[in-house]
Amino acid sequence: AEKPVEATDSSSNGKSSGGGLWVGRPYAKGGQRYGDPMKNLSHAATATQVCRYYYLLAMGKLINRQRSEEMLGYLVDPELHHKFVNSIERVAPDCKIYRKSGTWRNWHADSMLCWGPNWRRYILVGLVEDAKGEQILRDLVPAVEEVLRSHSAAYEVQ
């Protein structure tokens, strides 16, 4: 599968939408490289498109329910316990985590679908360019959890 996702300017990967998800070359050495339409990067993502991707997966609408469940199976229970996972395992050990992360040079990226009881069902995406990016992503989880917890309390049924 060396052919990239074809993107017209009106697609979710095009310039008019601010870019999207892009895998433009194999991770192994060799093979054809296809730069993304925004900045000619080999691999690229926007936070909005990553959120959209997780939402479609959670709703069973990324291609279809069967393919969505298959992809969720690849993302569940991450083995690397850094970035978001490091924090979510401490603050919400009952949360089922679907996650993809990456690091390149000074760029740190993490994304997760957190699926837990009650209000704890959310998508979180962080893209950070900073030497302390991993710690910044770790610190983001408790802050987001607190906002979501306090917001959900206003809607609890008595």
**Report entry** strands (runs of 3 or more DSSP E) within segment 68-148 that include 3 or more residues at negative phi, loosely packed, with under 13 Cβ neighbours inside 10 Å and in contact (Cβ under 8 Å) with a residue 40 or more places away in the chain
**Finding:** none
Query raised in the report: How many residues are part of a loop (DSSP other than H, G, I, E, B) and without any contact (Cβ under 8 Å) to a residue 12 or more places away in the chain if we restrict to segment 45-67?
Result: 6
Query - Flag for residue 129 being among the acidic types (Asp, Glu) and under 20 Å from residue 98 (Cβ atoms) - result: no
**Report entry** Set 149, 99: member being under 25 Å from residue 56 (Cα atoms) and modelled with pLDDT under 95
**Finding:** 149
Report task. State which residue pairs qualify: first residue surrounded by fewer than 17 Cβ atoms within 10 Å (Cβ to Cβ) and of a type in the set (Ser, Thr, Tyr) and inside segment 9-33, second residue modelled with pLDDT under 70 and not in a loop (DSSP other than H, G, I, E, B) in any location, beta carbons under 9 Å apart, and separation of 6 or more residues or different chains. Result -> 10/16; 10/17; 11/17
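The values are calculated or read from the model by the stated rules, or taken from the named source; none is laboratory data. Because the structure is predicted, anything quoted here is derived from the model rather than measured. For neighbour counting, all protein chains shown are included, and Cβ atoms are generated from backbone atoms with ideal geometry for every residue, glycine included.
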